[in-house]
Amino acid sequence: MASAAMLVPLVLVLCTAAASAAVVEHTFKVGGTKITQLCMNSVIYTANQQLPGPTIEVTEGDTLVVHAVNDSPYPLSLHWHGVYQLRSGWNDGANKITQCPIQPSGNFTYRFNITGQEGTLWWHAHSSLLRATIYGALIIKPRNGPSGYPFPEPYEEIPILLGEWWNRNVDDVENDGYLTGLGPQISDALTINGMPGDQNRCKGSAMYEVEVEYGKTCLLRIINAAVNVELFFKVAGHTFTVVAADASYTKPYATDVIVIAPGQTVDALMNTTASPGRYYMAAHVFDSKTVAVPFDQSTATGIVKYKGVPNYAPAAMPSLPPHDDVVTAGRFYWSLTGLARPSDPGVPTTVDHNMVVTFGLDQAPCAPNQTKCSGFALVAAMNRNSFQFPDQKVSLLEALYKGVPGVYSEDFPDFPPPMQGFRKATAVEESEVQRRGGGGAAERAVQ
């Protein structure tokens, strides 16, 4: 009887946990979408004819199911950027890493549980530069609702997705970058929620606008979906309190500028206590000048409009930091500190294995199929090892699971090689990069 009595509360706890979790299901059809952007008519590839794509909202503990239908002419996969994928690595969606791509006219169903994470993440295509137009927000709410936030409940939540736009087919941009060995050409514009705003040569360009109420607190869920660039982001007349980054809560950090790297997310509270009016939000590139090559110098804009203010009211523009303001960028990054809560697991105090990993750009001889390459190609490297996609029709995870030989090696070095002979990307002939108007990869070079 005692055992039965103990079993009853256990069953109740399990039933309560099961009841609080749900299955969230979406269908994403990836296909061509006609769009007019920067005074040009284009066909781009999107999910469900949307740019950005659909926002996914789940509660921590839910199971997410996404039926991906590939109506595009390109093999592709969908990656759930930042999700832990606990015992569900097959569903991570990294092309040729955890799965082979979904072929044109094919489909694939992703199914995984989201546990131990709260905040803002995102999803995107994981094939060539298709992620420039196939992406969207992935928002994970606390299991016990807004009371689970370690900050006061915001009045509203606003996703802000920053991106890059090319006037060309992005797959062609990727292919040309490979053929030359110099990486993709710089983008033609930056975007906020898929729109470049009004600070470009095309009059009447689409611009994102959000209406807010005076005296409220908004939670901006900021995502840098750009392919190659770090960004400064500001809203004129307003400041922020950063409360999370990459679905991890941080100690509150007050700032008037957000600095955000590609793939990163930042959650920031913004109080709408400015004089009611219209205010620009703006983003432009942060470039540390590690390598002196061109970059996209456009500014993406959107509007924060207070309720009741007419659309013709003039808007104030924020003063963005200079593109090379490493002091502001460094201050922001070094001010982000994780928020430890009583329920969080402790940090391990015993180290079992030490590694030192350096990353940056190196040079490699042009491959035979890099027909526009002159002498060498820029390659990303970790400890001077550069990733190569497997030649076989098998992903790395499948090769591991099935024991397929010759797909990957297990000899990645624990420490970088000696610096002697390390060739920095500064050896790139600057005139050649500038002539192409490119160098997106070289911008990120570090020694």
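The values are calculated or read from the model by the stated rules, or taken from the named source; none is laboratory data. From a predicted model like this one, the values you see are computed outputs, not experimental measurements. Here Cβ is always computed from backbone atoms with ideal geometry, including for glycine, and neighbour counts include all displayed protein chains.
Suppose the filter is of a type in the set (Phe, Trp, Tyr), over 22 Å from Tyr401 (Cβ atoms) and over 14 Å from the mean Cα position of the chain (by Cα); does Tyr155 pass it? The answer is yes for Tyr155.
Tally time: how many residues in region 106-117 are surrounded by fewer than 20 Cβ atoms within 10 Å (Cβ to Cβ) and either among the β-branched types (Val, Ile, Thr) or out of contact with any strand residue (DSSP E or B) (no Cβ under 7 Å at 6 or more places or on another chain) (or both)?
Summing the residues that are surrounded by fewer than 20 Cβ atoms within 10 Å (Cβ to Cβ) and either among the β-branched types (Val, Ile, Thr) or out of contact with any strand residue (DSSP E or B) (no Cβ under 7 Å at 6 or more places or on another chain) (or both) in region 106-117 gives 3.
Across region 361-376, the qualifying residues are those that are over 28 Å from the mean Cα position of the chain (by Cα) and assigned to a strand (DSSP E or B), and the one among them that is farthest from Arg87 (Cα to Cα) is Phe376. Screening Ala137 with (1) among the hydrophobic types (A, V, I, L, M, F, W, C); (2) in a loop (DSSP other than H, G, I, E, B); (3) at pLDDT 95 or above gives one miss only, at (2). Residue count for region 234-253 under the criterion of being touching an Asp or Glu at 6+ places or on another chain (Cβ under 9 Å) and more than 22 Å from Leu320 (Cβ to Cβ): the result is 6. When region 100-117 is filtered for residues that are in contact with a His (Cβ under 9 Å, 6 or more places away or on another chain) and not β-branched (Val, Ile, Thr), the ones remaining, listed by number, are Pro101, Asn107, Phe108, Tyr110. Checked against (1) crowded, with 17+ Cβ neighbours inside 10 Å; (2) assigned to a strand (DSSP E or B), Gly61 passes all but a single condition, namely (2). Residue pairs whose Cβ atoms lie under 8 Å apart, sitting 6 or more positions apart in sequence or on different chains, and linking a residue in region 187-214 that is in the same structural domain as Ile134 (by TED's automatic domain parsing) and on the phi > 0 side of the Ramachandran plot to a partner that is among the aromatic types (Phe, Trp, Tyr) and buried (at least 17 other Cβ atoms within 10 Å of the Cβ), do not occur here.
Per-residue answers, yes or no, for (1) farther than 23 Å from Glu156 by Cα; (2) aliphatic (A, V, I, L, M):
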{"residue": "Gly89", "(1), (2)": "yes, no"}
{"residue": "Gln99", "(1), (2)": "yes, no"}
{"residue": "Ala125", "(1), (2)": "yes, yes"}
{"residue": "Thr133", "(1), (2)": "yes, no"}
{"residue": "Ala137", "(1), (2)": "no, yes"}
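Is it true that some residue in region 305-315 is among the basic types (Lys, Arg), touching a residue at least 24 places away in the same chain (Cβ under 8 Å) and part of a strand (DSSP E or B)?
Filtering region 305-315 down to residues among the basic types (Lys, Arg) leaves 305, 307.
Remaining after also requiring touching a residue at least 24 places away in the same chain (Cβ under 8 Å): 305, 307.
Checking the rest, the ones that are also part of a strand (DSSP E or B) come to 305.
Yes, region 305-315 contains at least one residue that is among the basic types (Lys, Arg), touching a residue at least 24 places away in the same chain (Cβ under 8 Å) and part of a strand (DSSP E or B).
Taking region 132-177 as the range and being buried (at least 23 other Cβ atoms within 10 Å of the Cβ) and out of contact with any Leu (no Cβ under 9 Å at 6 or more places or on another chain) as the test, the residues that pass are Ala132, Leu161.
Scanning for something of a type in the set (Gly, Ala, Ser), surrounded by fewer than 20 Cβ atoms within 10 Å (Cβ to Cβ) and farther than 21 Å from Ile35 by Cβ, does region 215-223 turn up at least one residue? Let's see the steps before the verdict.
Going residue by residue through region 215-223, those that are of a type in the set (Gly, Ala, Ser) are 215.
This time we only want the ones that are surrounded by fewer than 20 Cβ atoms within 10 Å (Cβ to Cβ), so: 215.
Filter once more, keeping what is farther than 21 Å from Ile35 by Cβ: 215.
Yes, because at least one residue in region 215-223 is of a type in the set (Gly, Ala, Ser), surrounded by fewer than 20 Cβ atoms within 10 Å (Cβ to Cβ) and farther than 21 Å from Ile35 by Cβ.
Every condition in (1) farther than 30 Å from Ile114 by Cα; (2) of a type outside the set (Phe, Trp, Tyr); (3) at pLDDT 95 or above is met by Ala245 except one, and the failing one is (1). One residue is enough: does region 58-65 have a residue meeting the conditions in the same structural domain as Tyr110 (by TED's automatic domain parsing), among the β-branched types (Val, Ile, Thr) and within 22 Å of Gly197 (Cβ to Cβ)? No - not one qualifying residue is present in region 58-65. Taken as a whole, the structure places Ala329 among residues that are on the phi < 0 side of the Ramachandran plot and within 22 Å of the chain's Cα centre (by Cα).
Write out, first by first residue and then by second, each pair whose Cβ atoms fall under 6 Å of each other, whose residues are 6+ apart or on separate chains, and whose first residue, in region 394-415, is closer than 16 Å to Ala381 by Cα and loosely packed, with under 11 Cβ neighbours inside 10 Å while the second is modelled with pLDDT of 90 or more and not polar (S, T, N, Q). Close Cβ pairs satisfying both conditions: Asp414/Met355. Within region 292-308, does at least one residue satisfy the condition of being in the same structural domain as Ala206 (by TED's automatic domain parsing) and at positive phi? Within region 292-308 (the criterion being in the same structural domain as Ala206 (by TED's automatic domain parsing) and at positive phi), the answer is yes, since at least one residue qualifies. The set of residues from region 90-129 being basic (Lys, Arg) and on the phi < 0 side of the Ramachandran plot comprises just one member, Arg111. Scan region 86-130 residue by residue and report those that are under 17 Å from Asn224 (Cα atoms) and at pLDDT 95 or above. Hits for region 86-130 are Gly119, Thr120, Leu121, Trp122, Trp123, His124, Ala125, Leu130.
Taking region 377-416, which residues are at pLDDT below 90, over 17 Å from Val357 (Cα atoms) and in a strand (DSSP E or B)? If the condition is that a residue be at pLDDT below 90, over 17 Å from Val357 (Cα atoms) and in a strand (DSSP E or B), then Leu378 is the only one that fits.
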